[in-house]
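Here's the structure we're looking at; comments come further down.
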Amino acid sequence: MKKIILFFVATMFVASSFAQSEKYLNTMREKVAAVDTTWDVTKLKELSAAFERIADAEKDQWLPYYYAALTQINAVMMTGMSGAPDAAVTDPMTDKAEELLNKAEALSKDNSEIYVVRKMIATARMMVDPMNRYQTYGPQAEAALATAKKLNPDNPRVYILEGQDKFYTPEQFGGSKEQAKALFEEAQKKFETFKPASDIDPDWGRNTLQYFLTQF
């Protein structure tokens, strides 16, 4: 009888874990689908908050914290595009993105995708005041991107960010539209063979890439 009871308890535990896992995956699939198509600042903040709630509920999953950081920093970028970045507005948002990313990294070390977002965070900090912040955040952005490429040379998002840097940087400071185009084309090749580890793992960037490829 004791063995039967233990078997029953174990079976219920497995079923409960499976159900929880399925609930987690279904919720994540719904939110992840919006990552590459959401550009409104308010909606990005809402999406980031939704991912953070999932992360706080799961606690041992790095992806919700990662997506919370990514959508938060995308909100920062979009805020900056609407006018001159205001440090009083964007710095606290960027601090939040970094806090979330640190939690993701604590659960997944040496992860190329995390370093991609870390590069985005450093860039966002720098763009608030390039003249005064480049010396600090320029090298941080470069180092994060170099690490992302070293950890996974086939990560297409690395080449998208490299291409954006070349595209937006004036030629006298090392920018080049020709080099940017080559990097975007390399990203496109990487996407042709890139396979995310699961249907909720990072696969974003295709829409951004298509936009830049139309600029040449």
Per-residue ³J(HN,Hα) for the stretch 103-119, Karplus 6.51 cos²θ - 1.76 cosθ + 1.60, θ = phi - 60°, Hz, x for Gly and Pro: 5, 5, 5, 4, 9, 8, 7, 6, 10, 4, 5, 5, 6, 4, 5, 4, 5
Least to most buried among SER112, SER198, SER48 (fewest other Cβ within 10 Å first): SER198, SER112, SER48
Order of LEU63, LEU107 under a 10 Å beta carbon neighbour criterion, fewest first: LEU107, LEU63
In sequence order, calculated HN-Hα J values of the stretch 178-188 (Karplus, 6.51, -1.76, 1.60; Hz; x Gly/Pro): 5, 5, 4, 4, 4, 5, 5, 5, 5, 4, 4
Hz values of 3J(HN,Hα) by residue in the stretch 150-167 - Karplus curve (6.51, -1.76, 1.60), Gly and Pro given as x: 5, 6, 8, x, 9, 6, x, 5, 4, 6, 5, 5, 4, x, 4, 4, 5, 5
For VAL117, VAL89, order by how many other beta-carbon atoms lie within 10 Å, fewest first: VAL89, VAL117
Cα gyration tensor shape of the stretch 35-151, rounded if a/c is under 1.5, else prolate or oblate by comparing a/b with b/c: oblate
Peptides ranked, highest mean first, by Cβ atoms within 10 Å: ranges 66-72, 153-159, 140-146, 30-36: 66-72, 153-159, 140-146, 30-36
Farthest toward positive dipole pole in the chain [+1 Lys/Arg, -1 Asp/Glu at C-beta], among ALA106, MET77, MET127: ALA106
Calculated [θ] (222 nm, deg cm²/dmol) that DSSP helices of n ≥ 4 give over the chain, each run adding -39,500 (n - 2.57): -27000 deg cm²/dmol
Dipole magnitude of the chain about its Cα centre (Cβ charges: Lys, Arg +1; Asp, Glu -1), debye to nearest 20: 520 debye
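Read-outs throughout are calculated quantities, based only on the coordinates presented, and are distinct from any laboratory measurement. The structure displayed is predicted, hence computed values, not measured ones. Cβ coordinates were reconstructed from backbone atoms using ideal geometry, including for glycine residues, and neighbour counts include every protein chain displayed.
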